[in-house]
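The structure under discussion is supplied below as structure tokens; questions concerning it will follow.
The values are calculated or read from the model by the stated rules, or taken from the named source; none is laboratory data. Since we're looking at a predicted model, the values are computed, not measured. Cβ: placed from backbone, ideal geometry, glycine included. Neighbour counts: every protein chain shown.
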């Protein structure tokens, strides 16, 4: 080595290490973003499933066929084709609990939507009054 090149290898190594650390950090942030996107898709699908269930309950209440009790069903939701590999679709478990209220024709409905993502069981609970409304 010449006198002007002393310490240059160490400097190159430190710069390379810093660049590698930054690139690894960027990849981790990107991966976390993909996971958050998938989680948001599951949460949005759960909300839409619950709203759909409430619409069906409102229809049954208007028809006079809504009754107290609990129901359990499983639903598969296909997400959009643009969805990432982390969230191509998902299976959801819907539990609907109906309780009669004191007012005639009025019910308290609770819809629990559960799913598994990332190795963890997750759920959201929605509650609403359905049935007779005064005009």
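Within the range 106-127, does at least one residue satisfy the condition of being assigned to a loop (DSSP other than H, G, I, E, B), modelled with pLDDT under 95, at positive phi and exposed (fewer than 14 other Cβ atoms within 10 Å of the Cβ)?
Checked against the condition, which is being assigned to a loop (DSSP other than H, G, I, E, B), modelled with pLDDT under 95, at positive phi and exposed (fewer than 14 other Cβ atoms within 10 Å of the Cβ), the range 106-127 yields at least one hit.
Restricted to the range 68-102, and to residues that are out of contact with any strand residue (DSSP E or B) (no Cβ under 8 Å at 6 or more places or on another chain) and loosely packed, with under 13 Cβ neighbours inside 10 Å, which residue is modelled with the highest pLDDT?
That would be 102.
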